[in-house]
Amino acid sequence: MTAVPSLRFPAGTRDAPAPPLRAASTFRALGTACRVVVESPSSGPDPGAAVAAVRDLVAEAQRRLTRFAPDSDLMLLNRAREETVVVHPLVLDALGAAQAATARTEGLLDPTVLPALVAEGYAESRRDARPAGLLAALRDAPTRRPAAPAHDGRWRSVRLGRRERTVTRPVGVQLDVGATAKGWLADRAAALLHPFARWAVDLGGDLRVGGPGARTRPFAVDVAGPLGGPVGRVLLSGGAIATSGIDRRIWRRPDGRPAHHLIDPSSGRSAWTGLLTVTALAPTAEEAEILAGATLLRGPAAVDALAPRGGLAVDEHGVVLRHATDRAGAWRWSA
Amino acid sequence: MHRVTPDPPAPERDAAPPGDAGERARLARALQRRRFRRRAAIATAGSTAATFLVVLVLLGARVASGDDPRLGTVASGAATSTTTSDGSDATSGATTGSEDDGDASSATADGDGSWDDGTSSGDAGSAAASAGDAASSSPDLTTRSS
């Protein structure tokens, strides 16, 4: 029988078990909405301190990695005139995650596409910008085709020195970790929460959950569809889920052409592949984010890549392509 | 619920014969009425117990199926709260600055009205959580593109 940790007894009841501790926080960071939930037995560690630690971590990562602040570590690196630059460990770690994602996707999730992203119209934050109409954008978008790696393979020119904490790249190469930062950071936050009974970290829709309590009382996670409303619900008792899509950060360029933030490295323009959103499950948020982003860039023919761990994709016809395999037993679709 | 108490026997006073035989007949009828009432009481209690068991089995099946009893709405705004074992509540902290402007603002403990925030005492927190458990349409979290 599932325990109900919030059960409380009237004051004065003898032998009543002490209620659990719970802390939660919702806040804006990384240009999106974030949430942390931590539960602990009454005799366990303080969940409030853990939530505060996660928020501090997210704040520091944002401060160092944002491309919208000229004095962030990332932008100082991008402006540096030296080929080799010593960086903060957190920056090095984030770049390492981005580089690993690039290698795993053979250049599809490319951290060097920042100039192309800016040229497409994403030079300023779009946190408060209203998205362009998705259906109209689809009508005016170019021919659909799968994205592909950049022909020049410039991402291979970036080298990280783990011991020296250095980044070496040709001067002028601009780096951005936007494609992988939230998943990477959710995993970093998760490392702070392992002692707790039940916890969840949600960084703009990239989620990681865990704790023995989540196995008996899983988190109900809705998968938001591209046109409003959920397209599925997952009961997640461990691991991660992430969604990538073109429905939110989408705009019209001055010439009227629609654009969004997922860049096809081979063309340097927004990728129109026929998929609108992709949701992937994986043991870590970093893996889930990579899988979701790469699947979306590869298009409908690549949706089967979700099968080993589960996930779903929504195409331009509104068709939900679902893979519900759950070999690890960490999640299941809710009816 | 269907009626389980039977109608009483047909009127009998006027039909009672005189003398001892009549007295015995009245006693027999009184005994019969008591038997009717006892059977009706037993039937009512049994029906109530059966209904309770059915509800219990259905609830048990739902929990066993893994449905998450925790429910609520995805919150907006900024807040941090902590519910403690002694019923006290609320640890608030400063929000992080946004990705864009780096501004920071203080958060309140009752600002977002989410399923586990906004409590002012342990009992209130319990009530909120219990209310959340009762509804099954709201998710704990939402994954979306961002």
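The values are calculated or read from the model by the stated rules, or taken from the named source; none is laboratory data. Just so we're clear, the structure is a prediction, and the values are computed from it rather than from any experiment. Neighbour counts are summed over all protein chains in view; Cβ atoms, including those assigned to glycine, are modelled from backbone coordinates with ideal geometry.
Tabulated data
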read-out: Entirely in segment A:19-102, the strands (runs of 3 or more DSSP E) that have 1 or more residues that are of a type in the set (D, E, K, R); value: A:21-29, A:32-40
read-out: Residue in segment A:239-249 that is more than 13 Å from chain B (Cβ to nearest Cβ) and over 13 Å from the mean Cα position of the chain (by Cα) present; value: no
read-out: All positions within segment A:1-38 that are modelled with pLDDT of 85 or more, within 8 Å of chain B (Cβ to nearest Cβ) and under 13 Å from residue A:198 (Cβ atoms); value: A:21, A:22, A:23, A:24, A:37
read-out: Flag if residue A:278 is buried (at least 24 other Cβ atoms within 10 Å of the Cβ), touching a Ser or Thr at 6+ places or on another chain (Cβ under 8 Å) and among the β-branched types (Val, Ile, Thr); value: yes
read-out: Scope segment A:215-243; condition within 14 Å of residue A:186 (Cβ to Cβ) and touching a Leu at 6+ places or on another chain (Cβ under 8 Å); matching residues; value: A:219, A:221, A:236, A:239, A:240, A:241, A:242
read-out: Matching residues in segment A:125-150 - criterion: being over 21 Å from the mean Cα position of the chain (by Cα) and charged (D, E, K, R); value: A:139, A:140, A:144, A:145
read-out: Residue A:283 vs. criteria surrounded by fewer than 23 Cβ atoms within 10 Å (Cβ to Cβ), free of Cβ contacts under 8 Å to residues at least 60 places away in the same chain and within 23 Å of residue A:200 (Cα to Cα); value: yes
read-out: Complete set of residues in segment A:250-277 that are farther than 20 Å from residue A:176 by Cβ and either within 14 Å of another protein chain (Cβ to nearest Cβ) or touching a Gly at 6+ places or on another chain (Cβ under 7 Å) (or both); value: A:273, A:274, A:275, A:276, A:277
read-out: Of residues in segment A:39-91 being among the β-branched types (Val, Ile, Thr) and facing chain B (nearest Cβ under 9 Å), the one nearest to residue B:140 (Cα to Cα); value: A:51
read-out: Flag if residue A:177 is farther than 30 Å from residue A:47 by Cβ and either away from chain B (no Cβ under 14 Å) or assigned to a loop (DSSP other than H, G, I, E, B) (or both); value: no
read-out: Cross-chain or 6+ apart pairs with Cβ under 8 Å, segment A:205-221 first and under 21 Å from residue A:30 (Cα atoms), then hydroxyl-bearing (Ser, Thr, Tyr) and surrounded by 24 or more Cβ atoms within 10 Å (Cβ to Cβ); value: A:205/A:243; A:205/B:143; A:205/B:145; A:206/A:243; A:206/B:143; A:207/B:143; A:209/A:237; A:221/B:143
read-out: Condition met for residue A:296 (crowded, with 23+ Cβ neighbours inside 10 Å, closer than 18 Å to residue A:316 by Cβ and within 14 Å of another protein chain (Cβ to nearest Cβ)); value: yes
read-out: Only one of A:155, A:184 that is within 21 Å of residue B:145 (Cα to Cα) and outside any loop (DSSP other than H, G, I, E, B); value: A:184
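Here is a yes/no grid of residues against (1) in a helix (DSSP H, G or I); (2) of a type in the set (D, E, K, R); (3) within 18 Å of residue A:179 (Cβ to Cβ):
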{"site": "A:110", "(1), (2), (3)": "no, yes, yes"}
{"site": "A:121", "(1), (2), (3)": "no, no, yes"}
{"site": "A:125", "(1), (2), (3)": "no, no, yes"}
{"site": "A:128", "(1), (2), (3)": "no, yes, no"}
{"site": "A:132", "(1), (2), (3)": "no, no, no"}
{"site": "A:139", "(1), (2), (3)": "yes, yes, no"}
